[in-house]
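Only one structure is covered here, and it is reproduced in the block below.
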4 protein chains.
Amino acid sequence: MAKLQKSIDKRNALINATIALVNNNGFHATPMSKIAKMANVSPATIYLYFENKQDLVNKTYIDVKAQYTAYAFANFDESMSVEQGFEHIWKRIADFKLNESESAMFLSQCDNTPIIDEPSLQEGIKHLQPLLDLWERGKQEGLIKPISDYLLYAYAINPLSFLMIAQKRGTFKLDQKQIEEAYEAAWSSIKN
Amino acid sequence: MAKLQKSIDKRNALINATIALVNNNGFHATPMSKIAKMANVSPATIYLYFENKQDLVNKTYIDVKAQYTAYAFANFDESMSVEQGFEHIWKRIADFKLNESESAMFLSQCDNTPIIDEPSLQEGIKHLQPLLDLWERGKQEGLIKPISDYLLYAYAINPLSFLMIAQKRGTFKLDQKQIEEAYEAAWSSIKN
Amino acid sequence: MAKLQKSIDKRNALINATIALVNNNGFHATPMSKIAKMANVSPATIYLYFENKQDLVNKTYIDVKAQYTAYAFANFDESMSVEQGFEHIWKRIADFKLNESESAMFLSQCDNTPIIDEPSLQEGIKHLQPLLDLWERGKQEGLIKPISDYLLYAYAINPLSFLMIAQKRGTFKLDQKQIEEAYEAAWSSIKN
Amino acid sequence: MAKLQKSIDKRNALINATIALVNNNGFHATPMSKIAKMANVSPATIYLYFENKQDLVNKTYIDVKAQYTAYAFANFDESMSVEQGFEHIWKRIADFKLNESESAMFLSQCDNTPIIDEPSLQEGIKHLQPLLDLWERGKQEGLIKPISDYLLYAYAINPLSFLMIAQKRGTFKLDQKQIEEAYEAAWSSIKN
DNA sequence: CATGAATGAGATTTCATTCAT
DNA sequence: AATGAATGAAATCTCATTCAT
């Protein structure tokens, strides 16, 4: 295996350990030593890849957020109609939240606490542009309510986080039928 | 001032300090010593009122959750029509999230991280029953979609948390017009 | 009940609580608050009867040591022969160590650690005089080895402490037959 | 110096500091910080070698007890006669108690208080077997009283602890003549 | 690059003692 | 005399980070 690859593997192992431990124990109960142990490296090695703990968690956030958006827009095509496009993206996001629930949980935790610093939060938001563009088109075509993107996101996308957490906690199960119902609710809330 | 009152005041001061500091710094960066300082007591005094840090944050959660539901259902009357009742409760909750944003932030942080233990989370959920009863009535009258309460909550109520956080971060401002738009979106998403 | 009596009762309750707790947990794990709780008084009340923790444990030691020697010499009569007198005292001490094992344990702990201050240790030794006098007589009569009282005590009396602790720990049981054997060993070790 | 050696040195420094401080101040007045200072390491370093304070004192006890028995049985040879063997071991133990009085004091403190946990006490007892075997032989040959090993130990060996403490406290001096007297008393107490 | 050992700084928690009542 | 509440000081232990190898 090439040296570079080994390096990337270690970085990934650290990122994954961070996600798993922060999800299960919370940021406050995730010491660097545990992260190192789970990633099978020495604590000192972490500092070869990241400046400090804050940097590690920031970078983890940015990485995961990038995965999330890449997943969301895979196979999306700007030639799709607004409704087709929205359904496509929405279902990709639903898939991500339910199948990649470790990653989704981590994002949810970061987005609701002050553990990520402001610049990294900004960095994470960047990649949502295609969805915003789609909504813009929808508004112009009169298909989507002419309201703030924040409102659209709050009603069309964010509820999936709540459902993912409920499912993770075991109090609720999202099967195919309920995903359809959720999509209905999402579309109803933003369509004109 | 009576002894009992002084005791209650101290407990409240501790709860409030906990909310403020956890909101601003996160649980991991909120030492007991800072909480004590902010509440104007000695660190040792905290342990007269709470067993340990975990207990303090659990009890804070339960307290705040109780305030939240009390606020939500104030002046609610089961004789109201389903739509009237829903609008009433929804707007109370919106008021709470936007006016009592410190409390709301704290709840959001607790509901998205593993800092509160399971029994306390359960304790906190108890008081939502009137809303669930209203939805049940709505379903029977054919006014509300016959879907899981989790889905209804995810779309009708939870988006307010997202909007509250966005507003707190200063990236977005919820004024009267947008509250009406949000209400429209909420109602659209769950009405039949 | 007279006021004075109530006062004495409280003092005794404190002394007894100290003995029980130090025996079971050791001095280092016996906080004043636990002593107070066990004696059914407020922590502050302890300071009405004793200057501080050191004073409490010193006084407890002196009290128990006095009980011990009183018990040891009860019914002893200087007109007894040396051997009769020794057997009498020895058996009283054996009785004390085995029946009043709480008290005996406490003394043993104090005599083998630096928890009691020097003046109180001295105070505790005082009352052994009758035994030393008996030995003196025994030496003059040629019945007892002409060796230091420390040696006599080490071999004739102190082994009972070891046996008491072994019994307390449950690894060994001292019944009547073994007490006789122990007496034999004690007498053999010091008799001329 | 090899890494391993430095590690062993640090562990030993910690063990020795523990012995010295517990002897002089008692367990309750021996904070980890003092132990660290005396061993010339940071308090945090203690936790690389021992799990916690209880573990440190347990391990110290086991170490010292092992030294004690190794010392006691050095040059002992099962081909010796019972009386020769006993005298040999007894004098080795006397040497240890008087020359290695720091270690002996520590053992005495541990054996008379609840500071060592049960498993570690058990661990410490293991190594006395050669003495018990010798006594067994003595009983079969009719040279030693047919009584419990606990009684034999209480009278033949344990008095040395009492004498060692008395000497340490300065109230009594064990010179060569008195050691012979003590040996006489010990042997008298257990011989048939 | 990689590490294990080490640690300073600080976290949580305990406790002997005091004080207003 | 008696107390419960309060606390300053200190105890145990943790952890992010560094450094010699």
*Where does the charge balance sit around residue B:103 when Lys and Arg score +1, Asp and Glu -1, over other residues with C-beta under 13 Å from its C-beta?*
-2
*Which chain B residue hugs the B-C rotation axis most tightly by its Cβ, and what is that distance in angstrom, to the nearest whole number?*
B:44, 4
*So, with +1 on the Cβ of K and R and -1 on the Cβ of D and E, and no other charges, what is the size of the charge dipole of chain B about its Cα centre, to the nearest 20 debye?*
800
*asked:* Using only Cα atoms and rounding to the nearest 10 degrees, what angle (0 to 90) does helix A:129-140 make with the longest principal axis of chain A?
replied: 10
*Quick one: label points 7 angstrom along Cα→Cβ at residue C:127, distances to the other copies in nm, smallest first?*
4.0, 6.2, 8.3
*Under 5 Å between amide H atoms, partner at least 5 residues away or on a different chain: which partners does residue B:144 have, H built in plane at 1.01 Å?*
B:139, B:192
*Please name which of C:76, C:143, C:190 has its Cα lying farthest along the dipole of chain C towards the positive end, using unit charges on Cβ (Lys, Arg +1; Asp, Glu -1) and the Cα centre as origin.*
C:76
*Quick one: Cα centre-to-centre distance for region D:22-51 and region A:149-192, in angstrom?*
57
*Neighbourhood charge, 15 Å Cβ-Cβ cut-off, centred on residue A:2 and excluding it, Lys, Arg +1 and Asp, Glu -1*: +3
*Counting each DSSP H run of 4 or more residues in the protein assembly as shown as -39500 (n - 2.57), what helix-only mean residue ellipticity at 222 nm follows after dividing by all residues, to the nearest 500 deg cm²/dmol?*
-23000 deg cm²/dmol
*State the three equivalent ellipsoid semi-axes of the protein assembly as shown, derived from the C-alpha gyration tensor as the square roots of 5 times its eigenvalues, in descending order and whole Å.*
77, 32, 21
*Each residue of region A:70-86 in order: what ³J(HN,Hα) in whole Hz does its phi give by Karplus 6.51 cos²θ - 1.76 cosθ + 1.60, θ = phi - 60°, with x for Gly and Pro?*
4, 4, 4, 9, 4, 6, 6, 9, 5, 7, 5, 5, 4, 5, 4, x, 4
*Using alpha-carbon pairs under 8 Å, 6+ residues apart, how would you state the relative contact order of chain B in percent?*
20
*Copy-to-copy spacing for residue C:24, label 7 Å out on the Cα-to-C-beta vector, in nm, shortest first?*
3.4, 3.7, 4.6
_Please give me the summed charge of the neighbours of residue C:168: other residues whose Cβ is under 14 Å from its Cβ, Lys and Arg +1, Asp and Glu -1._
-1
_Taking 41 Å as R0, compute the FRET efficiency from the Cβ-Cβ separation of residue C:40 and residue B:102 and round it to 0.05._
0.40
*Length released on extending from residue C:51 to residue C:12, taking residue separation times 0.36 nm less the Cα-Cα span*: 12.5 nm
*Quick one: helix D:176-190 against the long Cα principal axis of chain D, what's the angle to the nearest 10°, folded into 0 to 90?*
70
*Along region A:49-65, what does the Karplus equation 6.51 cos²θ - 1.76 cosθ + 1.60 (θ = phi - 60°) give for ³J(HN,Hα), rounded to whole Hz, x for Gly and Pro?*
9, 9, 5, 6, 5, 4, 5, 4, 6, 4, 5, 4, 4, 4, 4, 5, 4
*Name the lysines eligible as straight-distance cross-link partners of residue B:3: C-alpha to C-alpha under 28 Å, and not fewer than 8 places from it in the same chain.*
B:34, B:37, B:53, B:59, B:65, C:10, C:34, C:37
*List the distances, in nm and shortest first, from the label point of residue A:47 to the matching label points in every other copy, placing each point 7 Å from Cα along the Cα-to-Cβ direction.*
1.8, 3.3, 4.6
_Give the aspartates and glutamates reachable from residue D:145 as a straight Cα distance under 19 Å; neighbours fewer than 8 places away on the same chain don't count._
C:175, C:180, C:181, C:184, D:83, D:87, D:133, D:136, D:184
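No lab work stands behind these numbers, since they all come straight from the coordinates. Fair warning: this is a prediction, and the values are worked out from it, not measured in the lab. Neighbour counts are summed over all protein chains in view; Cβ atoms, including those assigned to glycine, are modelled from backbone coordinates with ideal geometry.
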